[in-house]
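This report refers to the structure that appears directly beneath it.
The values are calculated or read from the model by the stated rules, or taken from the named source; none is laboratory data. These numbers were taken from a predicted model, which means no experiment stands behind them. Positions of Cβ are backbone-derived with ideal geometry, glycine not excepted, and every protein chain shown enters the neighbour counts. Note: accessible area is taken over every heavy atom of the protein model, side chains too, but ligands, DNA and RNA are not part of it. Shrake-Rupley method; radii C 1.70, N 1.55, O 1.52, S 1.80 Å.
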Amino acid sequence: MKRSTEHILTTHTGSLPRPPELTAALQRRDRGEGEDDGLDAQIRDAVGDIVRHQADAGVTVVNDGEAGKIGYSTYVKERLEGFGGTGGLSGMPADMVEFPEFMQRVMGDLDFEMPACIGPVRYKDLDAVRADIANLKAALDGAEVEDAFMSAASPGVIAVFLQNQHYDSHEDYVFALSEAMKPEYDEIHKAGIVLQVDCPDLAMTRQMMMDESLEEFRDRARVNVEALNRATADIPPEDMRLHLCWGNYEGPHHHDVALRDIIDIVFEARPAAISFEAANPRHEHEWRVWQNVALPEGALLIPGVITQSTVLVEHPELVAERIVRFAEVVGRERVVAGADCGFASFAGSTEIHASVVWAKLGSLTAGAALASRRLWGR
């Protein structure tokens with residue numbers, strides 16, 4: 001995983017808008033409405049376009065936009081045995097409960113299945129992840145970028161979206177998921193691509209489990225981190241990044257757990273880089289946490305300096321200010337400029353039009369250029 005040794009590198013969280021026709025095809029496949037002829041070609045073409053858009057915007061560390069996945073967490077039901085029937089989230093975020101009419105407007109257009117775990121979970125085969133890798137590598141050929149990453153769901157976040165109806169406990173379920181997902185993580189690493197493991201379960205799920213005490217939530221998070229560490233045991237920490245978030249949905253988020261209350265547990269995870277929300281109105285103030293927390297040796301930060309929570313395109317000067325703020329606290333070489341969360345975590349997400357997403361990424365890279373001049377003096 002490259003570091004910002006000569007200038008501030010730029011990246012994002014993973015999911016990017018899919019073409020409408022691809023979204024429709026993915027949703028048909030997800031509903032089991034027959035095979036879509038040409039879907040593989042659609043995905044391959046979309047990945048090529050998405051990588052091109054990132055490169056044109058000046059993003060230096062790119063990915064496939066998760067183009068071939070119905071959702072960043074639920075895609076695994078296509079790759080794992082043991083799922084069926086009807087499940088659902090392990091709980092509803094507290095702000096959705098408090099503001100149901102608003103949240104229906106925000107979430108109402110999403111269309112994806114959430115089966116339950118009804119039997120032992122096992123990884124089927126590596127065909128799907130190998131296709132993802134091949135599509136990304138083909139798109140990278142000739143692209144003017146510096147590095148690439150690929151996202152995969154963590155055991156903990158899978159347990160949130162695909163309800164356990166088989167195992168005796170959360171611990172049993174998440175450790176089974178750990179063993180099942182290990183082949184996918186290892187395959188991404190073997191391909192020479194940085195692995196990003198998505199871990200909203202370490203923050204977002206606090207809102208979904210308000211009946212638990214903070215310590216009970218922290219205990220659950222520790223179990224999830226242990227499961228993640230088992231699954232990534234054969235991958236060097238410097239080849240991995242972890243995405244921490246409180247949920248990318250537009251909402252009040254006024255019950256979000258504080259970063260200071262979970263950061264010690266996040267540090268127990270093996271990935272060397274931490275991607276996290278730092279640009280939205282609920283979490284931007286938490287940059288001060290890093291004034292009082294020492295980064296582990298070799299760790300680096302990927303703070304969000306643009307956000308998916310508003311259609312406003314951040315001014316490059318503001319982006320630069322946010323980057324410099326972190327660089328002055330932890331050191332310029334330990335900062336990569338990122339986004340708060342995904343722009344299309346599920347196929348059909350329409351919070352921000354694709355054209356605005358590319359404009360936001362352009363502002364990200366313009367702000368990083370300003371910050372680089374201030375930090376390196378050139």
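Stretched out straight at 0.36 nm per residue, the stretch from Asp211 to Ala24 would grow longer than its current Cα-Cα span by 63.6 nm. Each Lys or Arg adds one and each Asp or Glu subtracts one; over the other residues with Cβ under 12 Å from the Cβ of Leu259, this totals -2. Residue ranking by accessible heavy-atom surface, 1.4 Å probe, largest first, among Lys360, Lys2, Lys182 comes out as Lys2, Lys182, Lys360. With the cut-off at 27 Å, tell me which of the pairs Lys2/Lys77; Lys137/Lys360; Lys2/Lys137 have Cα atoms farther apart than that. The pairs that break the limit, which is 27 Å between Cα atoms, are Lys2/Lys77. Give the label of the value calculated from the structure for percent of Cα pairs over 34 Å apart, choosing from [x] 47; [y] 20; [z] 27. Computed from the coordinates, percent of Cα pairs over 34 Å apart corresponds to [y]. Centre-to-centre, using Cα atoms only, the range 116-175 and the range 2-77 are separated by 14 Å.
Database remark: amide H of Gly71 closer than 5 angstrom to the amide H of Ala347 (H placed geometrically; neighbours at sequence offset of 5 or more, or on other chains; Pro and chain starts carry no H).
Mean sequence separation of contacting Cα pairs (under 8 Å, at least six apart), scaled by the length of the chain, corresponds to a relative contact order of 24 percent. Computed with a 1.4 Å probe over protein heavy atoms only, the accessible area of Arg288 comes to about 130 Å². Across the range 8-107, the relative contact order, built from alpha-carbon pairs under 8 Å that are at least six residues apart, equals 32 percent.
A cut-off of 5 Å between modelled amide H atoms, ignoring neighbours fewer than 5 places along the same chain, links Ala203 with Cys245. Our estimate of slack between His166 and Asp36, defined as 0.36 nm per intervening residue step minus the Cα-Cα distance, is 43.6 nm.
One chain, two ends: Gln291 and Arg230. Fully extended at 0.36 nm per residue, the span grows by 18.9 nm beyond their Cα-Cα distance. Annotation: per residue accessible area for the range 183-274 equals 33 Å², rounded to a whole number [probe 1.4 Å, protein chains only]. In the chain, the DSSP-assigned H stretches of four residues or longer account for a calculated mean residue ellipticity at 222 nm of -12500 deg cm²/dmol, using -39500 (n - 2.57) per stretch and the full residue count as denominator.
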